[in-house]
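Colleague: One structure coming up, written as C-alpha cells, with questions to follow.
The values are calculated or read from the model by the stated rules, or taken from the named source; none is laboratory data. Source: prediction; values computed, not measured. Note that each Cβ is placed from the backbone with ideal geometry, even for glycine, and that neighbours are counted across all protein chains shown. SASA here: full protein model, heavy atoms, side chains in, ligands and nucleic acids out. Shrake-Rupley method; radii C 1.70, N 1.55, O 1.52, S 1.80 Å.
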Amino acid sequence: MKIDSKPWYWIPILNFASGLPYAIIISVSVIMYKSLGVSNEDIGIYTSLLYLPWVIKPLWSPFIDLYATKRKWFLSMQLLISVAFLVVGLTIRISNFFVLSLAVFWVAAFASASNDVASDGFYMLVLTKDQQSFFLGIRSTFYKIAILTGNGLVVILAGYLEIAYGDKHKAWSYTMILVAVFMIAISIYNFFFTPKAETNGELETKTKPNFRKVFSTFFQKKQIVLILAFILLFRLGESQLLKMLNPFLVEPISYELDESTTNAKQKAALQSYHAIIKNGGEVSKTELELIYSELPILAIMQNEKTVLDLKKIPKTDVTTYNDVMSKRTKFIDELIKEKDNSNAIPKKGMGISNMDYGIIYGIFGVIALLIGGLIGGFVISRDGLGKWMLPMILAMHLPIIGFILISHFHPEIIYNLNLPYIEYSIDPFYINLTTSVFHYNPYIVLSVVLEQFGYGFGFAAFMMYLIYVADGESKTSHYSIATGFMALGMMLPGMLSGYIQEYLGYANFFIWVFIATIPGLILSRFLIFPKDFGKKSEA
C-alpha cells in the first residue's frame with residue numbers, strides 16, 4: 001500500500017524538530033552556563049553527561065518499536081521537550097538554577113533521543129525506498145539548519161536580550177521560554193501535517209525482531225574491535241573542542257587593575273596592594289581581605305573594559321558569585337606571584353560578546369557548514385568514500401590550527417559594524433530603533449569559517465562509514481548502536497575537557513586537542529571497506 005504522504009510538507013519540519021533540541025541541550029547549554037558564570041570544569045563534566053541518552057538509546061529503542069506508533073512517540077516527545085525548555089527558562093532566575101536546569105535538561109535529552117529514534121523509524125515506515133533516498137539530503141540539510149539555528153539565532157537572541165535588559169539571567173530565562181514556545185508551535189505543525197498511517201507496504205513486518213540477535217550480529221562484524229576503536233577515538237579532539245570553544249571565545253582577554261578608581265575602599269585596597277604586596281612587606285589579615293574583596297579589577301574584552309566587581313552580583317546568585325570570586329582571586333594570586341607584572345600573566349580568551357558569537361556562527365558558520373556539507377556529499381556520491389576518506393578527515397581536523405594560532409597571539413584587529421535592533425520596554429507604545437555594535441574580528445571569523453566548512457565537508461565521510469558499518473541485516477538497529485558508540489566517544493572526553501583546559505590554559509589546550517585527533521587518523525588507514533562505497537550508481 002503506497003501512501004500519498006506529501007513528504008515535502010512534513011519532512012523538513014520533522015527533522016528540524018530533531019536537530020533543534022539536540023543543539024539547545026548539547027551546545028547552547030554550554031554557552032548559557034558560561035554566560036551565567038558556571039566554571040569550565042563544571043561545564044565540561046555536566047553538559048557532557050547530557051550525551052548519555054544518545055549513548056544508550058539502542059537499549060530502549062525496542063520499546064518504541066513495540067509500544068504505540070512512531071507518530072505518537074515523536075509527538076509526545078516533542079511536547080515533553082517543549083515543557084522541559086519552558087521549565088528551564090523558569091528556573092534560570094532561581095539561586096540554585098544550575099542543578100535544577102541540568103536535571104530538566106536530562107529529561108529533555110532522553111525525550112530528544114527518543115524523538116530521534118521515533119522520527120527515523122517513521123521515515124522508513126511512511127516513505128518508499130526511492131523516497132528515502134531522494135529525501136536523505138533534505139533531512140540532513142534541515143537537521144543542520146536546526147543545529148545552526150540553536151548555535152546562531154538563539155544565541156543572538158540571548159545576546160540581544162542581555163543588552164536590552166542588562167541582566168543575563170533574565171535574558172536567558174526569556175530566551176529559553178521563547179524556544180519552548182517555538183517548539184510547541186513545531187509540535188502542533190507536526191500534529192497536523194505528518195501522515196497518520198505508518199506503512200508503505202514494503203517495510204511492514206509481522207515478526208517482532210530478535211533483539212539479542214541484533215546486538216550479537218553487530219559485534220560479530222569483521223574488524224569490529226578496530227571499528228569500535230575508530231568510532232570512539234575519531235572525535236576525541238572534536239569532543240573537547242566543542243565544549244571549550246565557546247568559553248575561549250567569550251572569556252575576557254585578560255584582567256588589569258583599575259588605577260583610576262575614585263571609590264574610597266577601592267583606593268585603600270590599591271594603596272595596601274602597592275605598599276605591601278608589591279614591595280614584599282608584611283600583610284595583615286584585614287589588609288589581605290581588603291585587597292581580595294575591594295581591589296578594582298577590569299576585565300578586558302575585544303571592545304571594552306568591564307568591571308569585575310562582586311558587589312554587583314547578589315550573593316544569592318551563588319554560581320555567578322563564586323565564578324567571579326574565583327577569577328578575582330586567581331588574578332590577584334597571579335599578580336602577586338609575578339610582582340605586579342601583569343604582562344607575565346598568560347592571556348585568557350578572545351573577549352567577544354554572546355551576540356558577536358551568535359552572529360559569527362549564525363551567519364558565517366551557517367554558510368560555511370552548508371557549503372562544506374553539500375560539497376562533501378557531492379564528492380562521495382561522485383567518487384566513492386575510498387578516494388575522499390583521508391582528505392575529509394584532514395579537512396575536519398586541520399582547522400584546529402587556527403584556534404591554536406589565535407589562542408597564542410590573541411589578534412585584536414576589529415571592524416565595528418552598527419547593527420540595528422529594536423529597543424523596547426513593557427510600555428507597548430515605547431519602541432525605539434537603535435543600533436548595537438558587532439565587533440568583527442577577521443581572525444576569529446576566518447577560524448570559525450574554516451572549522452565549520454571542514455566539519456561539514458569532513459563529517460560526511462565519518463557518517464558514510466557508519467552507514468557502511470551498519471549495512472546488511474538489521475541495518476537500522478546497527479546504525480543506532482554505531483551512533484551510540486559515537487555519542488560515547490563525545491561524552492567521555494568532553495567530561496574531562498574543562499579540567500584539562502584549566503590545567504593547560506587555552507593556548508596549550510588547543511595544541512592538545514589537535515594531538516588528540518591523531519589516533520583516529522591513524523586508525524582510519526587500517527579500515528577495510530569498498531573504495532566505491534557511497535558512489536552513485538551509473539544506472
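Colleague: Kindly provide the set of residues from region 469-525 that are farther than 18 Å from VAL225 by Cα and over 23 Å from the mean Cα position of the chain (by Cα), ordered by number.
Modeller: Answer for region 469-525, where residues must be farther than 18 Å from VAL225 by Cα and over 23 Å from the mean Cα position of the chain (by Cα): GLY472, GLU473, SER474, LYS475, THR476, SER477.
Colleague: A follow-up question, please. Which of the residues spanning region 494-520 are open to solvent by 20 Å² or more (accessible area, probe 1.4 Å) and either modelled with pLDDT of 95 or more or under 29 Å from ALA113 (Cβ atoms) (or both)?
Modeller: Answer for region 494-520, where residues must be open to solvent by 20 Å² or more (accessible area, probe 1.4 Å) and either modelled with pLDDT of 95 or more or under 29 Å from ALA113 (Cβ atoms) (or both): MET495, LEU496, TYR499, ILE500, ASN508, ILE511, TRP512, PHE514, ILE515, ILE518, PRO519.
Colleague: With LYS339, LYS347 as the choices, which residue is touching a His at 6+ places or on another chain (Cβ under 7 Å) and in contact (Cβ under 8 Å) with a residue 40 or more places away in the chain? Step through it out loud before you land on a result.
Modeller: Numbers: LYS339 fails: touching a His at 6+ places or on another chain (Cβ under 7 Å).
Being touching a His at 6+ places or on another chain (Cβ under 7 Å) and in contact (Cβ under 8 Å) with a residue 40 or more places away in the chain holds for just one of LYS339, LYS347, which is LYS347.
Colleague: I need the full set of residues from region 380-398 which are open to solvent by less than 10 Å² (accessible area, probe 1.4 Å) and in a helix (DSSP H, G or I), in order please. Give the steps one after another, and end with the answer.
Modeller: Of the residues in region 380-398, the ones open to solvent by less than 10 Å² (accessible area, probe 1.4 Å) are 380, 384-385, 389, 392-393.
Selection gives ILE380, LEU385, MET389, MET392, ILE393.
Colleague: Say we look at region 1-57 and pick out the residues that are open to solvent by 40 Å² or more (accessible area, probe 1.4 Å) and more than 16 Å from the chain's Cα centre (by Cα); which of these is nearest to GLY505 (Cα to Cα)?
Modeller: ILE56
Colleague: Give me a count of the residues in region 243-273 that are open to solvent by less than 40 Å² (accessible area, probe 1.4 Å) and among the small types (Gly, Ala, Ser).
Modeller: 4
Colleague: Still on this model: Does any residue of region 346-365 turn out to be in contact with an Asp or Glu (Cβ under 7 Å, 6 or more places away or on another chain), at pLDDT 85 or above and of a type in the set (D, E, K, R)?
Modeller: yes
Colleague: Would you mind telling me which numbered condition in (1) within 21 Å of ILE345 (Cα to Cα); (2) open to solvent by less than 30 Å² (accessible area, probe 1.4 Å); (3) touching a residue at least 60 places away in the same chain (Cβ under 8 Å) GLN240 fails?
Modeller: (1) is the only condition that GLN240 fails.
Colleague: Condition check: of a type in the set (Asp, Glu) and over 27 Å from SER216 (Cβ atoms). Does ASP532 satisfy that?
Modeller: yes
Colleague: What's the total number of residues in region 340-369 that are outside any helix (DSSP H, G or I), over 19 Å from the mean Cα position of the chain (by Cα) and within 22 Å of ILE404 (Cα to Cα)?
Modeller: Looking only at region 340-369, we keep the residues that are outside any helix (DSSP H, G or I), and these are 340-341, 345-353.
Subset that is over 19 Å from the mean Cα position of the chain (by Cα): 340-341, 345-348.
Still in the list and also within 22 Å of ILE404 (Cα to Cα): 345-348.
Residues meeting the conditions: 4.
Colleague: Any residue that is hydrophobic (A, V, I, L, M, F, W, C), at pLDDT below 90, open to solvent by 20 Å² or more (accessible area, probe 1.4 Å) and under 29 Å from LYS168 (Cβ atoms) - is there at least one of those in region 86-109?
Modeller: Checked region 86-109: at least one residue is hydrophobic (A, V, I, L, M, F, W, C), at pLDDT below 90, open to solvent by 20 Å² or more (accessible area, probe 1.4 Å) and under 29 Å from LYS168 (Cβ atoms).
Colleague: Identify all residues within region 347-364 that are over 22 Å from GLY505 (Cβ atoms) and either among the polar types (S, T, N, Q) or open to solvent by 10 Å² or more (accessible area, probe 1.4 Å) (or both); write none if there are none.
Modeller: Answer for region 347-364, where residues must be over 22 Å from GLY505 (Cβ atoms) and either among the polar types (S, T, N, Q) or open to solvent by 10 Å² or more (accessible area, probe 1.4 Å) (or both): SER353, ASN354, MET355, ILE359, TYR361, GLY362, ILE363, PHE364.
Colleague: Determine, yes or no, whether VAL126 is modelled with pLDDT of 85 or more and either under 18 Å from TRP8 (Cα atoms) or surrounded by fewer than 17 Cβ atoms within 10 Å (Cβ to Cβ) (or both).
Modeller: Here the answer is no, as VAL126 does not meet what is asked.
Colleague: Being among the small types (Gly, Ala, Ser), over 19 Å from the mean Cα position of the chain (by Cα) and modelled with pLDDT of 90 or more, is that true of even one residue in region 191-200?
Modeller: Checked against the condition, which is being among the small types (Gly, Ala, Ser), over 19 Å from the mean Cα position of the chain (by Cα) and modelled with pLDDT of 90 or more, region 191-200 yields no hits at all.
Colleague: Continuing with the same structure: Could you list, in sequence order, all residues of region 147-188 that are of a type in the set (Phe, Trp, Tyr) and surrounded by 17 or more Cβ atoms within 10 Å (Cβ to Cβ)?
Modeller: TYR160, TRP172, TYR174
Colleague: When you look at ASP383, is it charged (D, E, K, R) and in contact (Cβ under 8 Å) with a residue 60 or more places away in the chain, yes or no?
Modeller: The answer is yes for ASP383.
Colleague: Here are some residues: SER29, SER39, SER35. Which one is modelled with pLDDT of 85 or more, of a type in the set (Ser, Thr, Tyr) and out of contact with any Gly (no Cβ under 9 Å at 6 or more places or on another chain)?
Modeller: Values: SER39 fails: out of contact with any Gly (no Cβ under 9 Å at 6 or more places or on another chain); SER35 fails: out of contact with any Gly (no Cβ under 9 Å at 6 or more places or on another chain).
Exactly one residue qualifies, and that residue is SER29.
Colleague: Looking at region 291-305, can you tell me whether even one residue there is closer than 30 Å to SER27 by Cβ, part of a strand (DSSP E or B) and open to solvent by 30 Å² or more (accessible area, probe 1.4 Å)?
Modeller: Yes, region 291-305 has at least one match.
Colleague: Follow-up question, since we're still on this one. Are any residues in region 305-339 more than 26 Å from the chain's Cα centre (by Cα), modelled with pLDDT under 85 and acidic (Asp, Glu), and if so, which ones?
Modeller: Passing the criteria: only ASP309.
Colleague: Considering only region 326-333, I want to know if a residue exists there that is open to solvent by 60 Å² or more (accessible area, probe 1.4 Å), closer than 26 Å to VAL30 by Cβ, touching a residue at least 40 places away in the same chain (Cβ under 8 Å) and in a helix (DSSP H, G or I).
Modeller: Yes, region 326-333 contains at least one residue that is open to solvent by 60 Å² or more (accessible area, probe 1.4 Å), closer than 26 Å to VAL30 by Cβ, touching a residue at least 40 places away in the same chain (Cβ under 8 Å) and in a helix (DSSP H, G or I).
Colleague: Checking the condition of a type in the set (Val, Ile, Thr) and either modelled with pLDDT of 85 or more or part of a helix (DSSP H, G or I) (or both), which residue from ILE401, ILE422, ILE426 passes?
Modeller: ILE401
Colleague: Only one of (1) under 19 Å from ILE359 (Cβ atoms); (2) surrounded by 20 or more Cβ atoms within 10 Å (Cβ to Cβ); (3) modelled with pLDDT of 90 or more; (4) of a type outside the set (D, E, K, R) is not met by GLY454, so which one is it?
Modeller: Every condition holds for GLY454 apart from (1).
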